[in-house]
Amino acid sequence: TQYTCPIGSYCPIGSVNTTICPRGAYCPASAEANYTLSPIGSFCNATGLSAFYLCTAGSFCATTGLSAPTGNCSAGYYCETGSSTATQYLCMNTTYCPTGSYETTVCPVFGYCASNGMANYTLCTSGYYCNVTGLSAVSGSCSAGYYCPLGSKTPTPTGFLCPSGSYCPSNSTWPLVCPAGTYS
């Protein structure tokens, strides 16, 4: 009778002993002479496995025989399950991707993402406003009579009405004091 190795083990040729499959490798039900290394884009994190795991989303597995992912996906990129590189997909403008991203993140309403491969969003520039998500540039200029600090969401932000004794032209980042002989 022929001896069949148990799942998660292999049986070296010429040996009557069963050997448990090592980390970084797997031994399917038909394993006899040797184990199989986990392929690129996967890992085997324990001994005695009969199958490999696809690399975790947000990370990458660059070589064969890994017992854990190689590392996190690079900033400005995202990695889906089974990735073999830290730069699987480039984050496109209007989105950003911090280190270890498994999908893109849409730029928030108070910021914008002007180029491809951004690791983070840019707060809306002072004197301007950003009023929707997913912008690649500011929405527009701050309205005259108001000033818009960094991250403004409207051209007429509540609490930022130009105060008495000052004036605020369009695109104001801060109230300007009225010159001598004038008033507001």
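The values are calculated or read from the model by the stated rules, or taken from the named source; none is laboratory data. What you are looking at is a predicted structure, and each value in this text was computed from that prediction instead of being measured. Here Cβ is always computed from backbone atoms with ideal geometry, including for glycine, and neighbour counts include all displayed protein chains. The accessibility values were calculated without ligands, DNA or RNA, using every heavy atom of the protein model including side chains. Shrake-Rupley method; radii C 1.70, N 1.55, O 1.52, S 1.80 Å.
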### Tally, over the range 107-156, of residues that are part of a loop (DSSP other than H, G, I, E, B), over 31 Å from the mean Cα position of the chain (by Cα) and in contact (Cβ under 8 Å) with a residue 24 or more places away in the chain
4
### Task
Could you check, for the range 55-62, whether at least one of its residues is touching a strand residue (DSSP E or B) at 6+ places or on another chain (Cβ under 6 Å) and either farther than 19 Å from Tyr26 by Cα or at pLDDT below 95 (or both)?
yes
### Task
State whether the residues of the range 161-179 include one that is aliphatic (A, V, I, L, M), surrounded by fewer than 17 Cβ atoms within 10 Å (Cβ to Cβ) and part of a loop (DSSP other than H, G, I, E, B).
no
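Any idea which residue in the range 104-129 is nearest to Ala144 (Cα to Cα), counting only those that are polar (S, T, N, Q) and crowded, with 16+ Cβ neighbours inside 10 Å? So that I can check it myself, show each step before the final result.
Taking the range 104-129 and keeping what is polar (S, T, N, Q), we get 104-105, 115-116, 120, 122, 125-126.
In the following step, the residues that additionally are crowded, with 16+ Cβ neighbours inside 10 Å were identified as 104-105, 122, 125-126.
Numbers: Thr104: 36, Thr105: 33, Thr122: 24, Thr125: 16, Ser126: 14 Å.
Applying the filter and picking the extreme gives Ser126.
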### Message
Of everything in the range 2-45, what is hydrophobic (A, V, I, L, M, F, W, C) and more than 20 Å from Ala62 (Cβ to Cβ)? Give them in sequence order.
### Response
Cys5, Ile7, Cys11, Ile13, Val16, Ile20, Cys21, Cys27, Ala29, Ala31, Ala33
### Query
Considering the range 63-97 alone, what residues qualify as being among the aliphatic types (A, V, I, L, M), open to solvent by less than 40 Å² (accessible area, probe 1.4 Å) and more than 25 Å from Tyr10 (Cβ to Cβ)?
Ala86
